[in-house]
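Every number in this text was worked out from the coordinates using simple rules, so none of it is lab data. Being a predicted model, the structure only gives us computed values, none of them experimental. For neighbour counting, all protein chains shown are included, and Cβ atoms are generated from backbone atoms with ideal geometry for every residue, glycine included.
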């Protein structure tokens with residue numbers, strides 16, 4: 001049965017970057033891409049998981065609007081964010097005679113949009129780019145902010161450009177085909193946006209409707225409110241000098257956990273732990289105690305078990321995290337995002353090793369408690 | 001004997017891009033790079049022709065200012081503008097632990113600054129970049145404008161970014177070590193700047209002091225005035241939508257000549273012919289007749305002989321030139337830069353094939369005349 005909300009609700013947010021662009025959240029919007037994107041040639045970059053479900057309707061809509069479409073499938077997964085894949089896509093555009101009046105579209109998750117965005121930013125020094133995110137993470141995170149990039153053998157996301165899309169089209173009904181684990185991974189960033197700026201989201205993720213095949217109108221509202229939080233922050237800080245650092249809530253520990261485990265722990269799971277760690281650090285400083293609420297959410301996410309690491313295993317990676325390196329390096333300069341209370345993030349430059357140790361111990365105790373409950 | 005001008009004359013131009021930056025033209029400035037560039041880590045990218053002459057003084061100046069310098073030599077020549085070399089440099093920066101607070105310097109000609117600029121634009125989505133151009137072409141052309149990029153197997157400069165340098169430091173005394181052919185190739189763009197906006201330059205290139213080892217004060221003035229022309233145009237049109245097209249004076253035919261000869265004809269020689277072609281097209285339209293002055297300059301440049309091509313050989317390449325493709329393609333839409341008179345360029349969208357044929361015939365006749373004179 002068709003969800004009645006699907007035909008009625010469209011939310012448009014304008015992201016105030018230079019130049020501004022619109023994010024449309026609308027059930028069924030993938031079939032109307034041609035109305036929003038116009039160029040003589042369009043390269044549609046997608047991956048082998050997503051394309052079988054959604055590429056055809058996008059191609060049909062673009063072709064209906066008169067575009068010549070070059071379909072560029074890439075392998076699913078992080079390995080596609082390589083210099084080799086980047087070069088292959090650029091050569092494909094050149095062979096098809098793309099000019100700077102043409103456009104690149106990303107249909108997929110974060111890997112596809114990071115890669116396609118960097119192709120768009122670099123081919124002839126920049127083509128129009130539009131993102132059609134299909135994972136919850138890409139909808140609420142990767143598709144807004146203008147960050148594009150690929151990996152080097154030496155590390156992730158070391159190469160890229162800030163390149164704002166002309167438009168972002170989000171069809172929340174495509175979440176039905178997303179694996180449950182990826183849905184929960186995206187929910188972690190959505191929950192983070194709730195902590196930073198919108199308590200409604202903290203409540204929304206606890207509702208029974210918050211599921212991959214939930215009511216379209218509810219998913220539209222939830223996704224749009226999460227996008228709105230990120231868009232507001234990005235608009236205030238396009239190139240990541242100031243308030244954009246708030247988006248790193250939970251990410252300082254998460255990056256260390258990912259690095260220390262050679263990414264065996266997924267990003268979503270790592271950030272889930274990172275958010276609980278930030279809540280514990282905040283509470284220990286006498287800020288509002290949100291650990292209970294965050295812990296309940298983490299239990300729902302059901303991340304892979306916390307790796308058996310000591311804080312000493314993590315400290316070198318914490319010190320190296322590029323997001324909080326300052327010019328004069330040194331432990332005292334590390335910047336942690338904490339919460340004075342929900343919607344009031346603060347940047348703390350004076351978190352001591354003693355505080356980190358206490359929070360790490362508290363995190364492990366808390367997780368043991370969660371396991372008790374779920375048994 | 002030391003040129004007395006060398007110690008006294010420094011010309012600083014501010015290029016009004018976003019953000020603005022300074023171009024310093026000053027004899028001996030390479031030994032004072034450390035005063036202008038400050039970063040914990042500096043990657044100095046240079047080529048094997050230039051580095052033996054000038055890298056040591058630059059490294060010493062940077063080290064004296066407290067920077068840790070990573071010296072990155074690349075092979076001389078266009079082949080270094082490859083995705084492979086790009087990746088190798090990015091990996092080198094990653095291995096040395098470069099962060100977004102560090103800087104990339106280009107010491108060399110256009111190949112080095114295009115490549116190094118794109119590395120700076122892309123590593124961690126953008127580091128500080130400074131250019132130390134050592135060829136006349138790079139001084140008056142490549143180092144100002146923010147264009148960076150590399151080649152694909154499918155074509156030149158198909159990949160890149162607009163990335164403005166933090167500073168450009170030009171030491172005109174380094175022209176002594178430049179091959180004469182390259183000096184004259186650079187003079188072609190300098191002469192073009194004279195035609196577009198500064199008649200003083202047209203006179204300057206005819207003086208006996210206009211030589212690689214000419215008086216430092218005169219070379220400083222000449223280079224600075226040429227940079228000023230390009231800087232003024234670029235500042236009005238940072239991302240190449242409007243008046244920046246004037247810089248393509250002579251380049252539409254030049255690109256076709258280069259493409260039709262698989263780049264056996266050098267860019268400088270091709271533009272020399274292109275400028276004369278533009279002068280002939282302009283005169284035939286009843287605009288001011290500058291063909292005599294341009295022909296005398298071309299004789300001094302002494303380009304390699306014009307390839308034996310018919311206009312029909314060139315037309316397909318003229319139609320394909322990316323610089324004058326408009327959205328609705330077709331011959332009528334081709335845009336040629338002509339001169340109403342010196343300092344008054346105009347964009348003509350209505351140049352007919354008949355006009356092109358007449359100018360091509362006139363060009364060949366004019367060149368035959370020049371050969372007579374020089375015999």
Item to complete: At q = 0.07, 0.09, 0.10, 0.14 Å⁻¹, work out log10 I(q)/I(0) for chain A with the Debye formula, treating every Cα as an identical point scatterer and leaving solvent out; two decimals please.
Response: -0.30, -0.50, -0.62, -1.20
Worksheet entry | DSSP beta bridges in chain A [antiparallel fraction, %, rounded to 5] | 40 percent
Worksheet, complete the sentence: Copies of residue A:181 compared via label points 7 Å along Cα→Cβ give distances in nm, shortest first, of 6.0
Item to complete: Apply the Kirkwood formula to the protein assembly as shown: the hydrodynamic radius equals the inverse of the mean of 1/r over all pairs of different alpha-carbon atoms; give it in Å with one decimal.
Response: 28.2 Å
Response to the item:
When chain A is treated as a Gaussian network with springs between alpha carbons less than 10 Å apart, the largest mean-square fluctuation among A:289, A:312, A:237 is found at A:312
Item to complete: Calculate how many DSSP beta bridges within the protein assembly as shown are antiparallel, expressed in % of all such bridges and rounded to the nearest 5.
Response: 40 percent
Response to the item:
Contour minus Cα-Cα span, residue A:237 to residue A:177, at 0.36 nm per residue, comes to 18.2 nm
Worksheet item: Which distances, in nm and shortest first, link the residue B:154 label point to the same label point in every other copy, taking 7 Å along Cα→Cβ?
Response: 2.9
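Take peptide A:80-88, look around each residue's Cβ out to 10 angstrom, count Cβ atoms belonging to other protein chains, and average those counts. Don't skip to the end; give the middle numbers.
On the way: counts 0, 0, 1, 7, 2, 0, 4, 9, 1.
The per-residue average across the peptide is 3.
Semi-axes of the range B:200-251's equivalent ellipsoid from the Cα gyration tensor, sqrt of 5 times each eigenvalue, largest first, rounded to whole Å? Walk me through the intermediate numbers first.
Numbers: eigenvalues 143, 28, 11 Å².
So the equivalent ellipsoid measures 27, 12, 8 Å along its semi-axes.
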Worksheet item: What nm distances, shortest first, do you get from the label point of residue A:304 to those in the other copies when the point sits 7 angstrom along Cα to Cβ?
Response: 5.7
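For the range B:249-374, what's the relative contact order in percent, using C-alpha pairs closer than 8 Å and at least 6 residues apart?
Averaging sequence separation for qualifying contacts and normalising by length gives 27 percent for the range B:249-374.
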Discussion item. If packing is taken as the average count of other Cβ atoms within 10 Å, what order do B:197-207, B:20-30, B:340-350, A:131-141 fall into, highest mean first?
Written reply: A:131-141, B:20-30, B:197-207, B:340-350
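Mean residue ellipticity at 222 nm from the helices of chain B, using -39,500 (n - 2.57) per DSSP H segment of n ≥ 4 over the full residue count, to the nearest 500 deg cm²/dmol? Walk me through the numbers on the way to the answer.
Values: 12 runs with 160 residues, N = 375.
It comes out at -13500 deg cm²/dmol, rounded to the nearest 500.
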Worksheet item: What is the ratio of the Cα radius of gyration of the range A:107-171 to 2.2 N^0.38 Å, where N is its residue count, to two decimals?
Response: 1.03
Worksheet item: Could you give the distance between the Cα centres of the range B:272-291 and the range A:83-100, to the whole Å?
Response: 37 Å
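Write down the Å³ per residue value for the convex hull defined by the alpha carbon atoms of the range B:249-374.
97 Å³
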